[in-house]
Structures are given as structure tokens and as C-alpha cells.
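Below is one structure, written out as C-alpha cells; the observations come after it.
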Amino acid sequence: MLTINVAVLLAVIVVLRLRRRTEARSRSDEKLTVVIVLALGVLLAPTPVGQGILEFLTQLIQGVS
């Protein structure tokens, strides 16, 4: 049986939605994209990948300051 990681599925959906032209998006379409991105963030945050992204961004911000 094929299993799909929800975070990977949401990432693919986000990439596909963001590839569309801006003029073709309605307000509700933009709101749905924001909700999907937030859900992806919540799923990634507790994982090692999410922690790695957080550490990278922290070092990047400290380097700029």
C-alpha cells in the first residue's frame, strides 16, 4: 500500500498553487493558500527538518545583526 506524508503532499500543493499567475487568484484562493502554508508550517515545526530550518534562520539573523 502506498503511503503519502501529509507534509510532502501539502508542500506539493503549495508549489503548484504558487506557480499560478497572481492575476488569476481571487481573495478566497489566496486565503486558502495561506491556510495550507500555515498547516504545512505546523506539521514541519516539530520535525528535525523544521528544527534545522529554525537553526539556519537563527544563525542567518544573528549574522546580519
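Derivation of every value follows stated rules applied to the coordinates shown; laboratory data play no part. These numbers come from a predicted model, not from an experiment.
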Could you tell me how many degrees, from 0 to 90 and to the nearest 10, lie between the Cα long axis of helix 6-18 and the main elongation axis, the longest principal axis, of the Cα atoms of the chain?
60 degrees
Quotient of C-alpha Rg and 2.2 N^0.38 Å, computed over the chain:
1.39
Helix 48-64: angle to the longest alpha-carbon principal axis of the chain, degrees 0 to 90, nearest 10?
70 degrees
Helix 27-44 sits at what angle to the longest principal axis of the chain, using alpha carbons and giving 0 to 90 degrees rounded to 10?
40 degrees
Length gained if Glu30 through Val15 is fully extended, taking 0.36 nm per residue and subtracting the Cα-Cα distance, is 4.1 nm
